[in-house]
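The values are calculated or read from the model by the stated rules, or taken from the named source; none is laboratory data. This structure is a prediction, so every number in the text was calculated from the model and none was measured. Ideal geometry is used to build each Cβ from the backbone, glycine not excepted, and the neighbour counts take in all protein chains shown. Only protein heavy atoms, including side chains, enter the accessible area calculation; ligands, DNA and RNA are left aside. Shrake-Rupley method; radii C 1.70, N 1.55, O 1.52, S 1.80 Å.
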Amino acid sequence: MMSIIVVLIFSTAFIGSGIAPARGSIAPALKLNDKENIIAPESFKGKYVLLNFWSAADGKSRLKTNELNAAVKELNKNDNNKGKISLVSVNFDRSEKLFHEIVKRDNLDAQSQFYATGKDAENLRRAYNLQKGLNSFLINPKGKIIAVNPSRNDLSRILNQN
């Protein structure tokens, strides 16, 4: 009897997602419209998309955002990879003013930076199960997640083999 209760409790914990999308799964739909940019999935057809979530309150995610921003710029300079990968970096700070200040201060590509708040932020957090330590996902041109929290070396290896 006790084992049945444990199984029921364990299985209901995963209802409503609760699990971050894994390598090999189709990336959840991404809908976001901040005041300056609109994410239009059609514009990424045929490209790899590095989807990154960050916040100034999470120092590691801010550092990772800087690293990924530089990596994508570097990869797109290479003739073999030019235009092959796009960065979509979503920020969850409480202050939009702080977000814009960090984008300027950290010299991030403003076209790839999006600010999520309210219902948009809540939906993204739920779809990607973002909790502690915000994550990044590399999505292939077919919409499948092929890497979770990829390093600069991972990105280079994946793009250069395809």
### Query
Pairs under 7 Å by beta carbon, first residue within 25 Å of residue 156 (Cα to Cα) in segment 117-144, partner modelled with pLDDT under 90 and of a type in the set (Asp, Glu), six or more apart or different chains?
133/58; 134/58
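It is to be established whether one or more residues within segment 111-120 are over 25 Å from residue 47 (Cβ atoms) and of a type outside the set (Lys, Arg).
So the first thing to find is which residues in segment 111-120 are over 25 Å from residue 47 (Cβ atoms), and the list is 117-119.
Checking the rest, the ones that are also of a type outside the set (Lys, Arg) come to 117-118.
There is at least one residue in segment 111-120 that is over 25 Å from residue 47 (Cβ atoms) and of a type outside the set (Lys, Arg).
Looking only at segment 79-106, how many residues end up being in a loop (DSSP other than H, G, I, E, B) and either modelled with pLDDT of 95 or more or open to solvent by less than 60 Å² (accessible area, probe 1.4 Å) (or both)? Before you say what the answer is, go through the steps one by one.
Keep residues of segment 79-106 that are in a loop (DSSP other than H, G, I, E, B), which gives 79-84, 92-95, 106.
Adding the requirement that they be either modelled with pLDDT of 95 or more or open to solvent by less than 60 Å² (accessible area, probe 1.4 Å) (or both) leaves 81, 83-84, 92-93, 95, 106.
Residues in segment 79-106 being in a loop (DSSP other than H, G, I, E, B) and either modelled with pLDDT of 95 or more or open to solvent by less than 60 Å² (accessible area, probe 1.4 Å) (or both): 7 in total.
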### Query
Which condition number in (1) within 20 Å of residue 149 (Cβ to Cβ); (2) open to solvent by less than 40 Å² (accessible area, probe 1.4 Å); (3) at pLDDT below 90 is the one that residue 39 fails?
(1)
### Message
For segment 108-124, give me the residue count where each residue is farther than 23 Å from residue 73 by Cα, of a type in the set (S, T, N, Q) and either in contact with a helix residue (DSSP H, G or I) (Cβ under 6 Å, 6 or more places away or on another chain) or part of a helix (DSSP H, G or I) (or both).
### Response
1
### Task
Output yes when any residue across segment 65-73 is in contact with a strand residue (DSSP E or B) (Cβ under 8 Å, 6 or more places away or on another chain), surrounded by fewer than 19 Cβ atoms within 10 Å (Cβ to Cβ) and at pLDDT below 95, and no when none is.
no
### Summary
Exception for residue 134 within (1) surrounded by 14 or more Cβ atoms within 10 Å (Cβ to Cβ); (2) out of contact with any helix residue (DSSP H, G or I) (no Cβ under 6 Å at 6 or more places or on another chain); (3) under 11 Å from residue 53 (Cβ atoms) falls at (2)
